[in-house]
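Engineer: Structure provided below as structure tokens; questions to follow.
Quick note: the coordinates plus some simple rules give every number you see, no bench work behind them. Please read all numbers here as calculations on a predicted model, not as lab measurements. Cβ atoms come from the backbone with ideal geometry, glycine included; neighbour counts cover every protein chain shown.
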Amino acid sequence: MTAIDEGLCSPVTVGHDAAVADAALLDALVTTEVALARAWASRGVAPQSAAEEISAALGWPQTGPHVHGLTVQTLAAASRTGGNPVIPLVAQLKNRVPADARVWIHRGATSQDILDTALMLIAQNAVAEIRGFLDATVAALGTLAGAHRDEVAAARTLTQHAVPTTVGARAAGWLRGVRRARTRVSELQFPAQLGGAGGTLASFVEIGGGDAAAALPAALAIELGLDAPDAPWHVTRWPVTELADALVQVVDALGKLATDVATLSRTEIGELAEGSGGGSSAMPQKQNPVESVLIRSAALRAPQLGATLHLASALAADERPDGAWHAEWPTLRELLRLALGASAHAAALVSGLRVDAVAVARNLALTRGLIVAERLSLVLSPIIGKDRVAEIVSAAATGDDLAILVRQAMPAASALDVDRLLDPAAYTGLAAPLVDDAIEPTTQEEE
């Protein structure tokens, strides 16, 4: 069987999606089944010997080598009949454990218990990787912002020069966005799911009694290193929607960074350059901002995946929906995959990002001083009137010297420091302290 997706159409994720690959999900499904048997044993219901036999036959601990012997291709082909991979998985697992232990494979569980828990398991592992990449990105952005704290640049609004800013202030904005997204994923919960066929744990009560059944979800979570659920969440899908929202926020923040880098690395702007630009198949002179391009490709796809998860998860019908639950699996995995790829590329992008100070200064001067037109209006309008200021700006826009125009308009204002009034570096407001405020938490984290 030929794999449909090795990343040929998704270069942003190539090399960064092992944590959510089919093989990883299969391992997580098997691990969850083993953990359930171990949880039964921890509550004194299943024989400890059965849990040990299952663990030995199928591979435990979960961080160790998996010896279950199952293949993705075989399980996928067998999943069509029942509509999910857990149904054929159970039969195949029972054939791989000693006869006296088989009854404790999948004991009391429904397919959704195993699949939801396995998805939380791979999501937790993927988010840990994403968090590591975000840590690296935050650290690199803090360094970049601090190094260019006072380097004055042109801020652009609606594609046009607006007022002065600093390279550091722009980087500090990226930093705040990425740090906020990192906080969001750091606060996520990954609860195990265990509710039985209708979410009442009736099967577990029947098998082990009320006390054991009540304690079993937490015992399963402990075995897997997941969060203990306060109740079955089979159709209360906040673990999925909150995860989706956090992942979209991550990719959004990285997409903003990538969009600015791509724009500022345009040939005619040239203020930024990636550490190692990509080439072109036809134009050997090009150094494309490939990292930014790849991150943007993820950022353009992620929001609709999040929307799909809300549509499917939040509106789950009955005690298990017909098709909506099934739609979650590939959608959530693809969103995790994009966040993994985007965050990995962002860490690489920022660590190698170069600032061209000459280009920054050149672009700042393109409007011949009109970058401070807002300041002129604020300072001069009360003295010479708004209309006269507008005349000065209009004349300067056609090529007249702005400093001369200002001095001619104000012969009586000898105390006015025209050079400082027109200096972009003197009109960056609170840019510097805003940078300091942004990088201070990063410095504390490093310490």
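Engineer: What relative contact order, as a whole-number percentage, does the chain give when Cα pairs under 8 Å and 6 or more residues apart are counted?
Structural biologist: Computed over the chain, the figure is 19 percent.
Engineer: Give me Rg/Rg_expected for the chain, where Rg uses Cα atoms only and Rg_expected = 2.2 N^0.38 Å with N residues.
Structural biologist: Dividing the Cα radius of gyration by 2.2 N^0.38 Å gives 1.31.
Engineer: Just from its helices, what would the mean residue ellipticity at 222 nm be for the chain, if runs of 4 or more DSSP H residues each count -39500 (n - 2.57) and the sum is divided by every residue, rounded to the nearest 500 deg cm²/dmol?
Structural biologist: After summing the helix terms and dividing by residue count, I get -19500 deg cm²/dmol.
Engineer: Tell me the net charge near Ala126. Cut-off is 10 Å between Cβ atoms, Ala126 excluded, with +1 for each Lys or Arg and -1 for each Asp or Glu.
Structural biologist: +1
Engineer: Step by step: find N for the stretch 107-248, compute 2.2 N^0.38 Å, then divide the Cα radius of gyration by it. What's the final number?
Structural biologist: 1.56
Engineer: A further question on this structure: Using the Cα centre of the stretch 77-159 as the reference point, and only Cβ charges (+1 on K/R, -1 on D/E), how large is the resulting charge dipole? Debye, rounded to the nearest 20.
Structural biologist: Here the size comes out at about 440 debye.
Engineer: Rounded to the nearest 20 Debye, what is the dipole magnitude of the chain about its Cα centre when Lys and Arg each give +1 and Asp and Glu each give -1 at the C-beta?
Structural biologist: Taking the Cα centre of the chain as origin, the dipole is about 700 debye.
Engineer: Mind checking which helices in the chain clear 27 Å along their axis (Cα) and have mean Kyte-Doolittle hydropathy of 0.5 or more, DSSP H runs only?
Structural biologist: 22-42, 111-147, 238-264, 290-309
Engineer: Let me ask something else about it. So, with +1 on the Cβ of K and R and -1 on the Cβ of D and E, and no other charges, what is the size of the charge dipole of the stretch 171-313 about its Cα centre, to the nearest 20 debye?
Structural biologist: Charge dipole of the stretch 171-313: 600 debye, to the nearest 20.
Engineer: Mind grabbing the base-10 log of I(q)/I(0) for the stretch 36-86 at q = 0.14, 0.16 Å⁻¹? Debye formula, identical points on the C-alpha positions, no solvent, two decimal places.
Structural biologist: The calculated log intensity ratios at q = 0.14, 0.16 Å⁻¹ are -0.50, -0.62.
Engineer: Report the antiparallel proportion of the DSSP beta bridges in the chain as a percent, rounded to a multiple of 5.
Structural biologist: Counting DSSP beta bridges with both partners in the chain, the antiparallel share is about 90 percent.
Engineer: Further question on the same structure: State log₁₀ I(q)/I(0) for the stretch 332-447 at q = 0.12, 0.18 Å⁻¹ as given by the Debye formula over alpha-carbon point scatterers of equal weight, solvent excluded.
Structural biologist: One equal scatterer on each Cα of the stretch 332-447 leads to -0.66, -0.98.
Engineer: Something else about it: Compute log10 of I(q)/I(0) for the stretch 1-136 with the Debye formula, placing one identical point scatterer on every Cα and leaving out solvent, at q = 0.16 Å⁻¹, to two decimals.
Structural biologist: -0.86
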